[in-house]
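Quick one: this structure, given as structure tokens, is what I'll be asking you about.
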Amino acid sequence: MGKKVAVVGFGQTKGRSARKDVNGVELINEAVVAALADAELTIKDIDAVVIGNMDHFEGVNYVDSWSVEGSGGVMKPIFKVTTGGTTGTTVAMSAYYHVASGMFDKVLAIGWEKNSESDTTGAIITAFDPVWERPNLGGAIAGLALEASKYMSTYGITERDGARVAVRERLHALNNPFAHLHQEWMKGIPVDQLVELLVTSKENVMLAYPLRMSDMCPRTDAAAAAIFASEDVAEKMAAVPAWVASTTNRHNFALAGDVDMDRNTTMASAAKRAFEKAGIKEPLKEIGVCELYLPYSYAGLKWMEDYGFCAYGEGPKLVWDKVTDMDGELPVNPSGGVMSSNPIGATGLIRVGEAALQIMRKAGTRQVQKDVNFAFITGFGGCYWADVMVLGKKKPS
């Protein structure tokens, strides 16, 4: 029988456009030190390390080897993971399985990225065949714009609907001292007025219809670290451990012929399976908070439908009815989400850590008021790779 596993500590650096004051090793170490302090541990207490970033973007490989002085991996088993945009959630899932196997009691999961020292768009464009694939997949913005346009056409979605998601994410980020984007000018302005400003301002540049600058995530320098512990020690280390209730993933290739631009079929399948494994029958009622990998605003509409929180085409109603706001029935991204911070290799792990903080009631100014029994976490990346994890307050039976 596998061991039950919980998140018992989390640490992260503040997200910025560029952290020129530190190198990669030092950035990683900031997050590691913060996570160890949160769990009241030292690096000597850690049995193994799982680390990951999107090294294809930075062009610097073998982070598991050259960062050991920052990660604390000296003379410890260390495992390196890279799965594109989902790297951070895959790091978390790998750390979970390390502990669940019974081989380790305490595993340190680390995600990081220095986007200021990379060419993300250049790497994405040249990853695809120049004849068959590049016209549709030549950069993240082009592909996401196609998805958004198709979704709008099918269900009558408007630019205002997408802007409403962007406003929610940026307002939530104002409560998070670690978020990259702090758009202070939004304070005190009614939501409807903010939405109109985003869709009418000439300064809000149109990148590829319907995506404007405000609809997209930033490129961030940051690192995050989480500590996963077995049931044998977790309850001694945390007053309220965030137990892993379920985890799963799905992926396929965009040219396989079964990708519907209106839907995210891999995310839908992964979410359904994760809910089944966690014993969740009514996600909208049973999930207390979501930390979702939403790289652009329209994902906060159509993917909510894929998760099963509402019927197809009803994502905008869920958002406009304030269901997903901080004080709503289903708070989404109290941290500000990916649209407010996107250090690619750490992005998914931040979702896991932020969800754990909500369960442990250690989220500070971004803590939701309702009691969180289950937290729903997603990661998303190229090839429609979807990671899903559910954390719970109660130890799984």
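Coordinate-derived values only; no laboratory data. Remember, it's a predicted structure, so these values are computed and weren't measured experimentally. Every residue, glycine as well, gets a Cβ built from its backbone with ideal geometry; the counts of neighbours run over all protein chains shown.
Rounded to the nearest angstrom and ordered from largest down, what semi-axes does the equivalent ellipsoid of the range 358-397 get from its C-alpha gyration tensor (root of 5λ)?
After scaling each eigenvalue by five and taking roots: 24, 15, 6 Å.
Taking a quarter of the surface of the Cα convex hull of the chain, what do you get in nm²?
18.1
Amide H neighbours of G382 under 5 Å, at least 5 residues apart or on other chains, H built in the peptide plane: list them.
The list, which skips near neighbours in sequence, is G85, T86.
First obtain the Kirkwood hydrodynamic radius of the range 1-121 from its Cα pairs, then insert it into the Stokes-Einstein equation at 37 °C and 0.692 mPa s, and state the resulting D in µm² per second as a whole number.
For the chosen part, D equals 224 µm²/s.
Which FRET efficiency value, to the nearest 0.05, is calculated for V22 and T121 with the Förster distance at 22 angstrom and r the Cβ-Cβ distance?
E between V22 and T121, to the nearest 0.05, is 0.35.
Quick check on the range 187-280: what does the Kirkwood estimate of hydrodynamic radius come out to from the alpha carbon pairs, in Å?
18.6
Structure shown: which of K76/K114; K236/K302; K80/K277; K202/K322 lie over 32 Å apart, alpha-carbon to alpha-carbon?
Table pairs above 32 Å Cα-Cα are K236/K302.
Further, regarding this structure: Aspartates and glutamates within cross-link reach of K3: Cα-Cα under 15 Å, excluding same-chain residues under 8 positions apart?
D105, E231, D232, E235
Moving to a separate point now. Would you work out which of V191, F380, S297 lies farthest towards the positive end of the dipole of the chain, given +1 charges on the beta-carbon of Lys and Arg and -1 on that of Asp and Glu, about the Cα centre?
The one lying farthest along the dipole's positive direction is V191.
Here is a further query. Considering just Cα atoms, how many Å³ per residue does the convex hull of the range 157-204 enclose?
76
With Kirkwood's inverse mean 1/r over C-alpha pairs for Rh, give me the Rg to Rh ratio of the range 233-368, two decimals please.
Ratio value, two decimals: 0.96.
Using unit Cβ charges (K, R positive; D, E negative) and no other charged atoms, how large, in debye to the nearest 20, is the dipole of the chain about its Cα centre?
Once rounded to the nearest 20, the dipole reads 580 debye.
While we're here: For the residue pair K322 and A239, what label-to-label distance in nm results when each label sits 7 Å from Cα along the Cα-to-beta-carbon direction?
3.0
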